[in-house]
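Colleague: The following block contains the structure, expressed as structure tokens.
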Amino acid sequence: LGDPVTNENDKQQQLDRYRVEQGDRLTTDQGVRVEDTDNSLAVGDRGPTLLEDFHFREKVMRFDHERIPERVVHARGSGAYGFFQVHESLEEYTCADFLTDPSLRTPVFVRFSTVAGSRGSADTVRDVRGFATKFYTREGNYDLVGNNIPVFFIQDAVKFPDFVHAVKPEPHNEIPQAQSAHDTFWDFVQLQPETMHMVMWLMSDRALPRSFRMMQGFGVHTFRFVNAEGRGTFVKFHWKPVLGTHSLVWDEVLRIQGNDPDFNRRDLWEAIERGDHPEYELGVQLVPESEEHSFDFDLLDPTKIIPEEDVPVRPIGRLTLDRNPDNFFAETEQIAFCTGNVVPGIDFTNDPLLQGRNFSYLDTQLLRLGGPNFMQIPINRPVAPVHNDQRDGFHQDAIHQSRTSYTKNSISEGCPMSGVLSGRMEGVFRHYTERVEGEKIRRRSPSFEDHYSQAALFWNSMSDWEKRHITEAFLFELGHVERRYIKENVVGHLAHVDGDLAAEVARGLGLPEPQAVRTDHGKASPALSQANAPRESIATRKIAILVADDTDAD
Ligand code: HEM
């Protein structure tokens with residue numbers, strides 16, 4: 001699959017080998033020139049079409065098979081190419097090649113997405129956004145598969161199918177398709193209070209990003225950096241847009257959905273075409289292993305952030321998106337991200353959500369992309385060379401040159417393990433050595449039990465107008481729920497977050513006001529509020545976009 005390469009053009013050069021230009025001679029897939037593509041071969045002027053018309057059969061057969069399954073979540077997305085460059089070597093923490101050589105521009109492909117909607121759904125809905133990055137590093141592909149919200153709804157991947165079934169349209173009538181509230185989602189919330197922190201973010205304007213160019217991204221889980229000596233450091237990843245973080249407001253969202261369902265997709269495409277290349281700063285929060293237990297939450301719990309006041313975000317590098325794909329299906333649709341794709345220097349933790357994700361992505365792609373060779377599709381190919389004895393399967397692209405296909409072997413000269421066997425260990429992935437012991441048991445750790453403190457921290461960090469938008473979002477969404485007890489129970493959870501919020505939502509829904517349960521927790525965190533975004537306030541932007549077709553955002 002080629003030699004190792006060193007800058008952002010490497011992926012481009014690899015892709016160039018697969019480009020197919022449109023010629024002026026129409027042919028069949030077998031390369032036979034076609035005389036006429038408007039009339040099928042038939043008997044006489046008005047007779048039946050003949051089976052021997054191979055051009056007709058091939059053309060219609062190919063059309064009949066154009067659709068592949070859409071992603072089971074994050075079906076609607078938009079992608080772009082670019083490059084990533086680290087500011088200074090992070091060798092103290094990680095041996096990852098692309099994070100230790102500041103002269104290196106690593107090629108990337110980023111796919112932004114909504115979560116719940118189908119492939120053809122509108123861009124501007126109240127939803128989480130995906131922010132998935134594939135780094136084509138010299139040591140193999142590294143995928144940072146994140147979202148624009150730094151926490152998740154659930155703590156354990158085993159709940160993911162239930163969660164997604166509750167979020168998606170109801171099974172009997174496929175309603176509602178938009179992200180307007182429905183009983184199944186709020187039923188899941190009331191029964192699973194671990195959702196409360198993420199639900200606060202979802203009801204905020206963070207769930208209505210104005211542009212993919214103005215949206216943060218988060219790796220969510222605590223991952224692990226590993227340096228050349230094998231020392232581990234916990235790490236959380238943050239993407240921060242150079243343009244600042246900006247949202248729409250609900251009225252805009254509704255109007256834009258009708259006027260231009262491709263609003264975010266178009267914005268990204270057009271900005272890149274006119275040379276306004278979106279940029280994002282990658283930041284990390286680093287926690288030494290010795291401090292693993294020094295927080296009042298569990299670092300392995302994906303419903304928790306590490307407050308930036310406790311562990312500042314250190315900027316480490318910059319991502320620039322500078323080229324649109326040539327073909328949506330070939331690139332944006334066929335790209336396959338997986339949290340399990342890591343390179344030497346980056347490793348997992350025992351976060352139970354992350355562990356499940358590592359299985360799920362590869363598993364679903366076997367179906368979505370038609371078998372085990374989908375990593376040979378051009379967009380998924382690493383620029384690092386691939387050598388192994390994995391063989392055959394549907395759609396095998398490689399013509400392997402060897403008389404043997406097992407490792408180790410003493411017959412072929414090019415045995416893939418011969419490098420390691422002769423002691424050449426550079427760039428080898430070594431799983432982090434960790435001592436783990438305990439009973440085999442189906443039980444969530446008691447350290448994952450606090451579901452409200454960080455939800456309260458988020459609420460307390462909001463400015464007055466942000467709080468108003470959140471309250472209005474709860475009223476709108478819960479206002480569409482039919483079953484009264486579901487609304488009451490959600491309000492009951494809100495009482496654990498903030499008494500005033502719960503009371504106002506209860507009043508607005510015509511429900512009895514709940515007793516405020518806890519109001520003394522979760523100090524405000526300035527880093528959480530969009531009101532602290534470096535550029536002008538979103539309230540000003542709202543007026544600009546509604547009144548004057550604002551185009552100055554960039
Ligand atoms: C797709 C993020 C949790 C299963 C995606 C995508 C993103 C994402 C960004 C779209 C990738 C693309 O653009 O192609 C996240 C985040 C999570 C999370 C940040 C929590 C922290 C989970 C869990 C599961 C899961 C717990 C399963 C147990 C999937 C599947 C896809 C997907 C099956 C479709 C992949 C494909 O068809 O290629 N996720 N996800 N996700 N996610 Fe997740």
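Colleague: Can you tell me which of (1) more than 24 Å from the chain's Cα centre (by Cα); (2) of a type in the set (A, V, I, L, M, F, W, C); (3) surrounded by 12 or more Cβ atoms within 10 Å (Cβ to Cβ); (4) in a loop (DSSP other than H, G, I, E, B) is the one residue 56 doesn't meet?
Modeller: In the conditions (1) more than 24 Å from the chain's Cα centre (by Cα); (2) of a type in the set (A, V, I, L, M, F, W, C); (3) surrounded by 12 or more Cβ atoms within 10 Å (Cβ to Cβ); (4) in a loop (DSSP other than H, G, I, E, B), residue 56 misses (4) alone.
Colleague: Sticking with this structure for a sec: Within segment 293-323, how many residues are assigned to a strand (DSSP E or B) and not acidic (Asp, Glu)?
Modeller: The number of residues fulfilling the criteria is 9.
Colleague: With respect to residue 79, determine if the residue is small (Gly, Ala, Ser) and either under 28 Å from residue 213 (Cβ atoms) or in contact with a strand residue (DSSP E or B) (Cβ under 6 Å, 6 or more places away or on another chain) (or both).
Modeller: Yes; evaluated as a whole, the condition is true for this residue.
Colleague: Is it fair to say residue 531 is at pLDDT below 95, under 30 Å from residue 309 (Cβ atoms) and in a helix (DSSP H, G or I)?
Modeller: So residue 531 fits the description; yes.
Colleague: Just to be sure I understand the filter: pairs with C-beta atoms under 8 Å, separated by 6 or more residues or on different chains, first member in segment 160-180 and within 13 Å of residue 116 (Cα to Cα) and among the charged types (D, E, K, R), second member within 16 Å of the ligand (Cβ to nearest atom) and part of a loop (DSSP other than H, G, I, E, B). Which pairs pass?
Modeller: 168/116
Colleague: Please count how many residues of segment 330-357 are within 14 Å of residue 142 (Cα to Cα), within 9 Å of the ligand (Cβ to nearest atom) and in contact with a Gly (Cβ under 8 Å, 6 or more places away or on another chain).
Modeller: 1
Colleague: Would you be able to tell me the number of residues in segment 137-164 that are over 18 Å from residue 337 (Cβ atoms), part of a loop (DSSP other than H, G, I, E, B) and either in contact with a His (Cβ under 7 Å, 6 or more places away or on another chain) or β-branched (Val, Ile, Thr) (or both)?
Modeller: Total satisfying the criteria: 2.
Colleague: If I go through segment 299-329 residue by residue, how many of them are within 25 Å of residue 101 (Cα to Cα) and not β-branched (Val, Ile, Thr)?
Modeller: Counting residues in segment 299-329 that are within 25 Å of residue 101 (Cα to Cα) and not β-branched (Val, Ile, Thr) gives 9.
Colleague: Oh, and also: Test of understanding: among 92, 35, 66, which residue is touching a strand residue (DSSP E or B) at 6+ places or on another chain (Cβ under 9 Å) and in a loop (DSSP other than H, G, I, E, B)?
Modeller: Going through 92, 35, 66 in turn, just one is touching a strand residue (DSSP E or B) at 6+ places or on another chain (Cβ under 9 Å) and in a loop (DSSP other than H, G, I, E, B): 92.
Colleague: Determine whether segment 373-388 contains at least one residue that is within 22 Å of residue 14 (Cα to Cα), among the polar types (S, T, N, Q), part of a helix (DSSP H, G or I) and more than 10 Å from the ligand (Cβ to nearest atom).
Modeller: Yes; the residues of segment 373-388 include at least one that is within 22 Å of residue 14 (Cα to Cα), among the polar types (S, T, N, Q), part of a helix (DSSP H, G or I) and more than 10 Å from the ligand (Cβ to nearest atom).
Colleague: Same structure again: Among (1) under 26 Å from residue 304 (Cα atoms); (2) more than 22 Å from the chain's Cα centre (by Cα), there is one condition residue 223 misses while meeting the rest; what is its number?
Modeller: So residue 223 meets the others, but not (2).
Colleague: Between a first residue in segment 487-508 that is touching a residue at least 12 places away in the same chain (Cβ under 8 Å) and within 14 Å of residue 200 (Cβ to Cβ) and a second residue that is surrounded by fewer than 24 Cβ atoms within 10 Å (Cβ to Cβ) and basic (Lys, Arg), which pairs have beta carbons less than 6 Å apart while being 6 or more apart in sequence or on different chains?
Modeller: 496/518
Colleague: Please state which one of 104, 90 is in contact with a helix residue (DSSP H, G or I) (Cβ under 8 Å, 6 or more places away or on another chain), aliphatic (A, V, I, L, M) and farther than 24 Å from residue 380 by Cβ.
Modeller: Just one listed residue meets the conditions, 90.
Colleague: Would you confirm whether any residue within segment 134-143 is touching a Ser or Thr at 6+ places or on another chain (Cβ under 9 Å) and within 13 Å of the ligand (Cβ to nearest atom)?
Modeller: Yes; the residues of segment 134-143 include at least one that is touching a Ser or Thr at 6+ places or on another chain (Cβ under 9 Å) and within 13 Å of the ligand (Cβ to nearest atom).
Colleague: Please verify whether residue 222 is within 30 Å of residue 280 (Cα to Cα), of a type in the set (Val, Ile, Thr) and touching a strand residue (DSSP E or B) at 6+ places or on another chain (Cβ under 7 Å), treating the condition exactly as stated.
Modeller: Yes: the conditions hold for residue 222.
Colleague: Give me the pairs, please: first residue somewhere in segment 441-460 and under 16 Å from residue 527 (Cα atoms), second residue anywhere and among the aliphatic types (A, V, I, L, M) and outside any helix (DSSP H, G or I), beta-carbon distance under 7 Å, and either six or more positions apart or on two chains.
Modeller: Here the result reads 454/305; 460/524, each pair linking segment 441-460 to a residue that is among the aliphatic types (A, V, I, L, M) and outside any helix (DSSP H, G or I).
Colleague: Restricting attention to segment 71-118, report how many residues are free of Cβ contacts under 8 Å to residues at least 60 places away in the same chain and within 16 Å of the ligand (Cβ to nearest atom).
Modeller: 7
Colleague: If you don't mind, another one. Can you tell me which of (1) within 30 Å of the chain's Cα centre (by Cα); (2) exposed (fewer than 11 other Cβ atoms within 10 Å of the Cβ) is the one residue 384 doesn't meet?
Modeller: (2)
Colleague: Please give the number of the condition residue 401 fails out of (1) in a loop (DSSP other than H, G, I, E, B); (2) under 26 Å from residue 80 (Cα atoms).
Modeller: Single failed check for residue 401: (2).
Colleague: Scan segment 358-370 for residues that are within 30 Å of residue 20 (Cβ to Cβ) and either more than 8 Å from the ligand (Cβ to nearest atom) or not in a helix (DSSP H, G or I) (or both) and jot them down.
Modeller: 362, 366, 367, 369, 370, listed by residue number.
Colleague: Still on this structure: Which residue, of 158, 128, is among the hydrophobic types (A, V, I, L, M, F, W, C) and either buried (at least 23 other Cβ atoms within 10 Å of the Cβ) or within 25 Å of residue 378 (Cβ to Cβ) (or both)?
Modeller: Just a single option satisfies the conditions, and that option is 128.
Colleague: Now for a different question. Any idea which of (1) away from the ligand (no atom under 12 Å from the Cβ); (2) of a type outside the set (Phe, Trp, Tyr); (3) over 30 Å from residue 13 (Cα atoms); (4) buried (at least 20 other Cβ atoms within 10 Å of the Cβ) is the one residue 149 doesn't satisfy?
Modeller: Looking at each condition in turn, residue 149 falls short on (1).
Colleague: Got a sec? Which of 463, 412, 447 is of a type in the set (S, T, N, Q), modelled with pLDDT under 95 and surrounded by fewer than 18 Cβ atoms within 10 Å (Cβ to Cβ)?
Modeller: Result: 412 is the single residue among 463, 412, 447 that is of a type in the set (S, T, N, Q), modelled with pLDDT under 95 and surrounded by fewer than 18 Cβ atoms within 10 Å (Cβ to Cβ).
Colleague: Looking for something modelled with pLDDT under 95 and surrounded by fewer than 18 Cβ atoms within 10 Å (Cβ to Cβ) - is there at least one such residue anywhere in segment 480-492?
Modeller: The answer is yes; a qualifying residue exists.
Colleague: Sticking with this one: Given the residues 322, 298, which is the only one that is surrounded by 16 or more Cβ atoms within 10 Å (Cβ to Cβ), modelled with pLDDT of 95 or more and not polar (S, T, N, Q)?
Modeller: The unique qualifying residue is 298.
The values are calculated or read from the model by the stated rules, or taken from the named source; none is laboratory data. Here the structure is a predicted model, which is why all the values come from computation and not from measurement. Note: ideal-geometry Cβ built from the backbone for every residue, glycine included; neighbour counts use all protein chains shown.
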